[in-house]
Amino acid sequence: MTNAMEIYQMLPKTNCKKCGKTSCMAFAVALMARELTADDCPPLIEESKYKENYEKISGLFKTSEGATETGLIVHEDLCFGCGNCVVACPVNVANDPYGVGSGKAPSKTEKLILIIEDGIVKAQNVGECRRFGKNKILCNGCIVTCPVEAIEFV
Amino acid sequence: MEKDYYVCTGCGLLCDDIEVELEKNAVNKVYTACRVGVAHMKEGSRDSAFLVDGKPADEAAAIKEAALILKNAKNPLVFGLGTSTNEAQKLAIELAKKLSATLDDTSSFCLGPVVEALLQEKFKTCTLDDIRHKADVAIFWGADPSDSHPRHLSKFSYFPRGQEKQRGWEEERTAICVDIRKSHTAKICGNYFFQVPQGGDAEFIEALIAGLSGKIPKTSYNYPPKKLLELANILKGAKFGTIFVGLGLLYSLEDLGPLVRLLETLNEKAKGSFHLVPMVGHYNMRGFNENLFAETGYVNSVKFEEGAVKHGPEYSVVEALKAKAVDAALIIGSDPLSSLPRSIAKNLLEIPIITVDPCETLTSRKAKVAIRSGVSGVESGGSATRMDGVEVSFKPIVETNRPSDEEVLKKLMEAL
């Protein structure tokens, strides 16, 4: 992933404050924190000389579109449905120990977070995820078990 | 959603917990199966096709033409069958006997030697269900199940909880990968990935045996002895270990000697027992090996001659084609023109070919008679043998007017 300095280099660097931030550097930091998007910088959109940079920056943050409430993203083009994450997810195991917890087909689909549909993992009920809610923790069960890095949290 | 499970015949794992949603006699949605399985299941329900010399013909004419080719041949070759049911394979063996044909499948240049050794009880083996319930150490050697059998780790060998392994993979299981490159499986194994140079497996095995016996492990490519001893220690502590043998390991060994010695040493030195399971790719290659073994005592590369059976490397598909010993070929569910080296495959073009295959392949395009059969496991039922030797029965998912391999072979038998 990129850093704020790299994004700053692609900005107009005029400190015009049109985005509401005090400087372009502050805007870059806000982009990194996902408080703002590239569309919040008017010169970047309006002036044709920044067109290429605008596309680059939008591309960098494209993955966050389609993320679930917990920030979980499934890269469908990478996933091949091995089901490692489905079987390893602690919530899945707790809710369906004799189904997915034992490597088999899910017996209670409605309670699971991850299921495999048409060969690709699908996230549902993300409110149950351990990274969500009051007692959230940085669980990474589904990330470390994925052989192709198809699951990401943003 | 109804809970009616189907069997996926996409690879040697034969997953038996697949849910399918149908729409207008076609597979619409597939649950639990991996991408390989989904692609395999959605392949079905095309029209039947019988081609003679590349032109559409009716079924009777195609069968008649095929029978004529086989009748006129002195030494026909029957090849393929890795993706046919046990029932079709048994029929093909009968057919080969009747024709005094050379019979072989892909295992002669694949995992045949390992399956043969298993059937001759040279190795201890176990089922994949045993592995799920008990195994604490799994070694993937020259195999990358994450790509070849996607659900291997999640359904059996690493992630699931079993009867004696209830606390999960983080605490109770160790996955080890020995390979020449950092494969997707190696990535999951993390620190337990042991990278060997190409062709270095035999030496690695000898060094490991030395390590297990308390000697300093040495290799010509200076593999760090500390790392080898670490591996030896993990294996020594295993209560139920399994080595999954892949093609990478088999191609690197001259014979199975080092592997036999490793298993013996492991069973002697380790806390528990060690087993071997071949990573069979085609869904019923092991079935063919077992069926032929039961009939003749050999797993592949045989020639039937007036009731007698001859066996040897010269009857394997590669050697038979190289020596131009066969004068017609019946190829069932395989595509040798694509998979064999060109220098050998080109000899196929000199003889009449009959193909029975659900797909249009390079071989079927060059065939004199091409019969497009139903996808077995999707459009026709039967039984097959999983990579660990367990027989799995399955029913068709969709209806079709395409004949199964079994029906085609039956009609060929009748026509002969």
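The values are calculated or read from the model by the stated rules, or taken from the named source; none is laboratory data. Predicted model, so just to flag it, every value in this text is computed and none were measured. Glycine also receives a Cβ, built like all others from the backbone with ideal geometry; neighbour counts cover every protein chain displayed.
The strands (runs of 3 or more DSSP E) found wholly in segment A:84-154 include none carrying at least 3 residues that are in contact with a strand residue (DSSP E or B) (Cβ under 6 Å, 6 or more places away or on another chain), of a type in the set (D, E, K, R) and closer than 23 Å to B:Ser146 by Cα.
Are any of the residues in segment B:78-99 in contact (Cβ under 8 Å) with a residue 24 or more places away in the chain, closer than 30 Å to A:Pro147 by Cα and within 17 Å of the chain's Cα centre (by Cα)?
Step one: filter segment B:78-99 for residues in contact (Cβ under 8 Å) with a residue 24 or more places away in the chain, giving B:78-99.
Next cut, closer than 30 Å to A:Pro147 by Cα only: B:82-83.
With the extra rule that they be within 17 Å of the chain's Cα centre (by Cα), the set shrinks to B:82-83.
Yes; the residues of segment B:78-99 include at least one that is in contact (Cβ under 8 Å) with a residue 24 or more places away in the chain, closer than 30 Å to A:Pro147 by Cα and within 17 Å of the chain's Cα centre (by Cα).
If you go through segment A:24-50 and pick out every residue that is small (Gly, Ala, Ser) and farther than 30 Å from A:Glu152 by Cβ, you end up with 1. Are any of the residues in segment B:295-309 under 14 Å from B:Asn75 (Cα atoms) and out of contact with any helix residue (DSSP H, G or I) (no Cβ under 6 Å at 6 or more places or on another chain)? Yes; the residues of segment B:295-309 include at least one that is under 14 Å from B:Asn75 (Cα atoms) and out of contact with any helix residue (DSSP H, G or I) (no Cβ under 6 Å at 6 or more places or on another chain). Looking at B:Ala143, B:Ala186, B:Ala135, B:Ala207, just one residue is over 19 Å from B:Leu247 (Cα atoms), of a type outside the set (Lys, Arg), surrounded by 14 or more Cβ atoms within 10 Å (Cβ to Cβ) and within 14 Å of another protein chain (Cβ to nearest Cβ), and that residue is B:Ala135.
Quickly run through segment B:192-217 and pick out the residues that are free of Cβ contacts under 8 Å to residues at least 40 places away in the same chain, part of a helix (DSSP H, G or I) and either farther than 18 Å from B:Asp255 by Cα or not assigned by TED's automatic domain parsing to the domain that holds B:Val245 (or both). Once the filter is applied, which keeps residues that are free of Cβ contacts under 8 Å to residues at least 40 places away in the same chain, part of a helix (DSSP H, G or I) and either farther than 18 Å from B:Asp255 by Cα or not assigned by TED's automatic domain parsing to the domain that holds B:Val245 (or both), segment B:192-217 yields B:Ala210, B:Gly211.
Suppose we filter segment B:160-190 for residues that are among the basic types (Lys, Arg), touching a helix residue (DSSP H, G or I) at 6+ places or on another chain (Cβ under 6 Å) and not in a strand (DSSP E or B); how many remain? Working first, answer last.
Applying the first criterion (among the basic types (Lys, Arg)) to segment B:160-190 yields B:161, B:165, B:167, B:173, B:181-182, B:187.
Adding the requirement that they be touching a helix residue (DSSP H, G or I) at 6+ places or on another chain (Cβ under 6 Å) leaves B:161, B:165.
Now drop any that are not not in a strand (DSSP E or B), which leaves B:161.
Selection size over segment B:160-190: 1.
The lone criterion from (1) within 29 Å of B:Pro76 (Cβ to Cβ); (2) without any contact (Cβ under 8 Å) to a residue 60 or more places away in the chain; (3) not aliphatic (A, V, I, L, M) left unmet by B:Gly281 is number (2). Scanning segment B:365-378 for residues that are surrounded by fewer than 24 Cβ atoms within 10 Å (Cβ to Cβ) and closer than 30 Å to B:Val20 by Cβ returns a single hit, B:Arg372. Highlighted here are the strands (runs of 3 or more DSSP E) found entirely within segment B:1-116 that include at least 2 residues which are away from chain A (no Cβ under 14 Å): B:49-52, B:76-80, B:102-104.
Number of residues in segment B:187-222 that are touching a strand residue (DSSP E or B) at 6+ places or on another chain (Cβ under 8 Å) and of a type in the set (Ser, Thr, Tyr) equals 1.
Number of residues in segment A:102-130 that are at pLDDT 90 or above and facing another protein chain (nearest Cβ under 9 Å) equals 11. Checked against the criterion of being more than 9 Å from chain B (Cβ to nearest Cβ), assigned to a loop (DSSP other than H, G, I, E, B) and not hydrophobic (A, V, I, L, M, F, W, C), the candidates A:Glu76, A:Glu55 yield just one match: A:Glu76.
Would you be able to tell me the number of residues in segment B:369-416 that are of a type in the set (D, E, K, R), touching a strand residue (DSSP E or B) at 6+ places or on another chain (Cβ under 6 Å) and assigned to a loop (DSSP other than H, G, I, E, B)?
The initial filter retains those residues of segment B:369-416 that are of a type in the set (D, E, K, R), namely B:372, B:379, B:386, B:388, B:391, B:395, B:399, B:402, B:405-407, B:410-411, B:414.
So of that shortlist, the ones also touching a strand residue (DSSP E or B) at 6+ places or on another chain (Cβ under 6 Å) come out as B:372, B:386, B:388, B:391, B:405.
Still in the running and assigned to a loop (DSSP other than H, G, I, E, B): B:386, B:388.
Final tally of qualifying residues: 2.
When you look at B:Lys124, is it of a type in the set (D, E, K, R) and outside any helix (DSSP H, G or I), yes or no?
Working: of a type in the set (D, E, K, R): yes; outside any helix (DSSP H, G or I): yes.
Yes.
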